Amino acid sequence: MKIRVNIDLRVGRVVKYFVLADLILLAGWGLVEPILSVYIVSRVAGATLLTVGIASALYWLLRSLVQLPIANYLDRRTGESDDFRVLILSLVLAAGTALAFIVIREPWQLYLVQALHAVAFGTYATAWSAIFSRHLDRDRIAFDWSLDSTAIGLGMGFSGLAGGAVAQWFGFEAIFVATAVLSAAAAVMLFLTPELILPGKQRRGAPFMKDHTPRALEQ
């Protein structure tokens, strides 16, 4: 019995660049995932498993709370310029947060960095989705979203293994530096995305970025 799997991987250029940026960013933070709890317990004064739990809860609760007001703000503004600026700022904050983990030594410092981490990713998820959803390939919406999910899963799977190895061989600091570099690389990838008009190239009086909202969503 023969099983043939024929998957057409051709997607729009904007979708491709945004998937690559998502892959780079989350693969970078996938390096942190397997070592963060060990890092907290070993480097933060007086840290226990409860400290790790509080830090994790703070991240997810704050990330969930910031997403809705940011989404509401972006939805009230026409075009994609604000979405794009917020997206880049979130990646800059994510890179800074990764480096900040290196210097934490007290529980309050950990909680502060986790709060910044939550704001960065809550903002990123909202702005990224706003632009990505406008550029989905017609009749391939499920595939485009699944492609991004698959890329993230593969990237985080491999980076999870790599994170443990790098931490063991080169130390925790190398993990956070690599994560910061990959977060910045994701921002660079977005600047290369076609159809995104960079500030230096825009004509005076012209919009920063045209709106690509599908007609069906405007009704």
Quiz item: Applying the Karplus parametrisation 6.51 cos²θ - 1.76 cosθ + 1.60 with θ = phi - 60° to the phi angles of the stretch 55-71, what ³J(HN,Hα) value in whole Hz is obtained for each residue in order, glycine and proline being reported as x?
Solution: 4, 5, 5, 4, 4, 6, 5, 5, 4, 5, 6, 7, 5, 5, x, 5, 4
Quiz item: For the stretch 84-175, with only Lys/Arg (+1) and Asp/Glu (-1) charged at the beta-carbon, what is the dipole magnitude about the Cα centre, in debye rounded to 20?
Solution: 160 debye
Quiz prompt | Lys, Arg +1 and Asp, Glu -1 on Cβ, resulting dipole of the stretch 18-194 about Cα centre, debye, nearest 20 | solution = 260 debye
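Every read-out reported here was derived from the displayed coordinates using simple, explicitly stated rules and does not represent laboratory data. All figures in this text were calculated on a predicted structure; none of them were measured in a lab. All Cβ positions, even for glycine, are placed from backbone atoms using ideal geometry, and neighbour counts span all protein chains on display.
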